[in-house]
DNA sequence: CTGGGTGCAAAATCTTTGCAGATCC
DNA sequence: GGATCTGCAAAGATTTTGCACCCAG
C-alpha cells in the first residue's frame, strides 16, 4: 500500500531512471533510447516514451520544455531553473537563493492558485563566449 | 534601410499581426488559421505557420511554449510572465513588479550571459476554483 | 520582370498507440 | 494465469517544405 500497484517493476524503466539520476545533461527521449540501445539491443523508442510518461506521472522525473520541438527530461524533481545556451544547446541547472518565490513579484495574481512554476534563462554559456 | 528588405508586405501576415494585437488569448497556429479562414477562404495552414515564423524572426510577435505539444503566440513582445490554468487551459498575462530581474536571484550564473528568460506559472485560475 | 507570397499536398519530426507475444508476481 | 511490459509498426499531432502559380513593387 506504500507504492502504486498500478505499475510493476521493469528493468528498462529502472534503467531510464538510473540514467536520468546519473546525468545533468537533461537528455531527450531519443538520447536516452540511444544510450540504452547499447545494452538492450531490441529496445524500442516507443517503449522509452511509455516509460518516460509513467515516470513523469509517478513524479519520479520531470519533463522539461524550452520551446524546442522535443522534450527533455530531468531526474531532479526539485523545482529549479535552467539555463539554455543558444550556441551549444546545453541545458544547465541553476540554483536559486533560499526562499525565493516568484509569485511574490507578481502584481495581479488575484485569486489564482499557483501550484508550480518554471523559470528558464536563455543566452550564451561561459564555454561559448 | 529602416525596415527589413527581406520581406514584402503581405495582407495575410498583417492580418495575423492584427489578430495577435487584438487578443490576450495567446492563440495557437490552428486557432489563428480558423479565425482567418472566415475572411480568406482559401488560406492554408502552412502559410499561417510560415508567417508566424517570419513574425517571430522579425521580433513582431513571441512564440510561447508551456509544455504542451503545440505552440501559442503572443502579440505582446515585452517580456512578461503567464499563468496557465490546468482546468480551462487559459493563458493569462501576469504583471511583474517594477525592476524585477530574476537573474538577481540565481547563485551560480557565473560567466553566463542572459539574453532572455521565461517565467510561467501553472495552477488553477480564479474562474475555475 | 523579379523575387517574395500563396495554396496545395507531401514530407518531416516527435510522440502515442493497437496488437500479439513475452514476462513478472 | 492474469495483468503489465515489450517490440513492432502504424497512426497521430504539429510543423515544415517543394512546387507551380500569383502578385507586389
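Since every read-out is calculated from the coordinates, none of them should be taken as a lab result. What you are looking at is a predicted structure, and each value in this text was computed from that prediction instead of being measured. Cβ sites come from the backbone with ideal geometry, for glycine too, and all protein chains shown count toward neighbours.
Values computed for the structure shown
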read-out: Residue-span extension gain [residue A:128 to residue A:34] - 0.36 nm each, minus C-alpha spacing; value: 31.2 nm
read-out: Label distances, nm, residue B:104 versus same residue in remaining copies, Cβ-directed 7 Å point; value: 1.2
read-out: Inter-copy spacing of residue B:41 label points, which lie 7 Å from Cα along Cα→Cβ, given in nm from shortest upward; value: 6.1
read-out: Whether segment A:49-104 is rounded, prolate or oblate, judged on the alpha carbon gyration tensor where a/c under 1.5 counts as rounded; value: oblate
read-out: Beta bridge orientation in chain A: antiparallel %, DSSP, nearest 5; value: 65
read-out: Sequence of B:105, B:100, B:70 once ranked by neighbouring C-beta atoms within 10 Å, starting from the fewest; value: B:70, B:100, B:105
read-out: Using alpha-carbon coordinates, inclination of helix B:11-21 to the longest axis of chain B, degrees; value: 30
read-out: For residue B:63, label point 7 Å along C-beta direction: distances to other copies, nm; value: 1.9
read-out: Folded to 0 to 90 degrees: helix B:45-57 orientation relative to chain B principal axis, Cα; value: 50
read-out: Average beta-carbon neighbours from other chains, 10 Å sphere, peptide A:88-96; value: 3
read-out: Normalised contact order of chain A, rounded percent, pairs of Cα under 8 Å and 6 or more residues apart; value: 22
read-out: Beta bridges by DSSP in the protein assembly as shown, antiparallel share as percent, to the nearest 5; value: 75
read-out: Residues B:97, B:106, A:54 arranged by fewest to most Cβ contacts within 10 Å; value: B:97, A:54, B:106
read-out: Ranked list, fewest to most other Cβ atoms within 10 Å of each Cβ, for B:107, B:15, B:112, B:37; value: B:107, B:37, B:15, B:112
read-out: Additional length obtainable on full extension of the chain from residue B:21 to residue B:80, 0.36 nm per residue less Cα span; value: 19.7 nm
read-out: Rounded if a/c under 1.5, otherwise prolate or oblate - segment A:15-59, Cα gyration tensor axes; value: oblate
read-out: Chain A, helix-only ellipticity at 222 nm - DSSP H runs n ≥ 4, -39,500 (n - 2.57), divided by all residues, nearest 500; value: -7500 deg cm²/dmol
read-out: Computed over segment B:73-129, the ratio Rg/Rh where both radii use C-alpha atoms and Rh is Kirkwood; value: 1.05
read-out: Chain B shape via C-alpha gyration tensor axes, a/c threshold 1.5; value: oblate
read-out: Where labels lie 7 Å past Cα in the beta-carbon direction, separation of residue A:6 and residue B:87 in nm; value: 2.2
